[in-house]
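The next block holds one structure in the form of structure tokens; read it before the comments.
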Amino acid sequence: MRKKIVAGNWKMNNNFNETESLIKDLIKFSFPDDVDVMISPAFPFLKSSIDFLSNHKIEVISQNVHNKENGAYTGEVSVEMLRSIGIKKTLIGHSERRTYFNENDSILSEKIKLASQNGMEIVFCFGEQLDDRKNRNHFDKVKSQLSNTILKLDKNYWDKVILAYEPVWAIGTGENASPDQVQEMHNFIRNCIDKNYGKNISETTSILYGGSVKPSNASDIFSKDDVDGGLIGGASLNADDFHKIVISNSSL
Ligand code: PGA
């Protein structure tokens, strides 16, 4: 059985008070047992968010982590720092990191290796640009994004991997990929995992979709066979919308 997951990517939004108040709004709701729920506040508020949610099923995860272990990397945050405050999962490879911070496959591979060797679970993000899709190059693009990075990870670490397919043209644009487009790509991704690691791993890896998921489209996307949940940006900043999206992924 694959885990159903809905994770909120808060990006660079919310100061301390806003972070606390959004968490307070979220915990007014009851969340279904069959969906793992995650939120990712900004670095300065991770520890206070963890403390605030200590008796709650919502897990606090990180949006990013540095690719080196420690040392003279001014302004960066290490895997070990995050582990020391109780963070167990981090996003790696979000398209905004790739675009604005020049994170390439080699940097992402270092992050993947360091995180997994230090017991950190990974939500690995990837997805094609609009031009790739227009030129019908989207499958090749996704395959190469995976082959150069996460598909190099040793089989033994794959129970700590969650994938998030996020077509760049759908992120923050209001234009989501259609449920059929999402299913087609998720099935392709699962086949790539199968070819590298076999059925056992491909059938148990959760693959999330991200890109303009909202309460109005979440059920249709999540109902597809190979879609195990979502990585939610804009709509995760509203407690009511985020809760509705989580409910959409529940079978209870
Ligand atoms: P969006 O962002 O839901 O606002 O499109 C998704 C993401 O960036 O993970």
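The values are calculated or read from the model by the stated rules, or taken from the named source; none is laboratory data. It should be emphasised that the depicted structure is a prediction, and the values quoted were computed from it without experimental measurement. Please note: Cβ atoms are built from the backbone with ideal geometry, for glycine as well, and neighbour counts cover all protein chains shown. Each accessible area value is taken on the protein alone, full model and side chains, heavy atoms only, with ligands, DNA and RNA left out. Shrake-Rupley method; radii C 1.70, N 1.55, O 1.52, S 1.80 Å.
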Check: If you scan segment 42-65, which residues turn out to be open to solvent by 30 Å² or more (accessible area, probe 1.4 Å) and either without any contact (Cβ under 8 Å) to a residue 12 or more places away in the chain or in a helix (DSSP H, G or I) (or both)?
Finding: Phe43, Pro44, Phe45, Lys47, Ser48, Ile50, Asp51, Phe52, Ser54, Asn55
Next item on the list: Name the strands (runs of 3 or more DSSP E) wholly inside segment 152-252 in which the number of residues that are away from the ligand (no atom under 14 Å from the Cβ), open to solvent by less than 40 Å² (accessible area, probe 1.4 Å) and not aromatic (Phe, Trp, Tyr) is 3 or more.
Entry: none
Next item on the list: Determine whether segment 1-13 contains at least one residue that is modelled with pLDDT under 95, part of a loop (DSSP other than H, G, I, E, B) and more than 16 Å from Asn238 (Cα to Cα).
Entry: yes
Next item on the list: Return a yes/no flag: does segment 66-86 have any residue that is buried (at least 20 other Cβ atoms within 10 Å of the Cβ) and within 16 Å of the ligand (Cβ to nearest atom).
Entry: no
Check: Within segment 1-20, can you find the residues that are within 12 Å of the ligand (Cβ to nearest atom) and in contact with a Leu (Cβ under 9 Å, 6 or more places away or on another chain)?
Finding: Val6, Ala7, Gly8, Asn9, Trp10, Lys11, Asn13
Margin query: Give me the residue from segment 109-141 that is within 16 Å of the ligand (Cβ to nearest atom) and of a type in the set (A, V, I, L, M) and, out of that set, nearest to Pro167 (Cα to Cα).
Written below: Leu130
Next item on the list: Scan (1) within 17 Å of the chain's Cα centre (by Cα); (2) within 20 Å of Asp228 (Cα to Cα); (3) away from the ligand (no atom under 16 Å from the Cβ) for the single condition Thr149 breaks and write down its number.
Entry: (2)
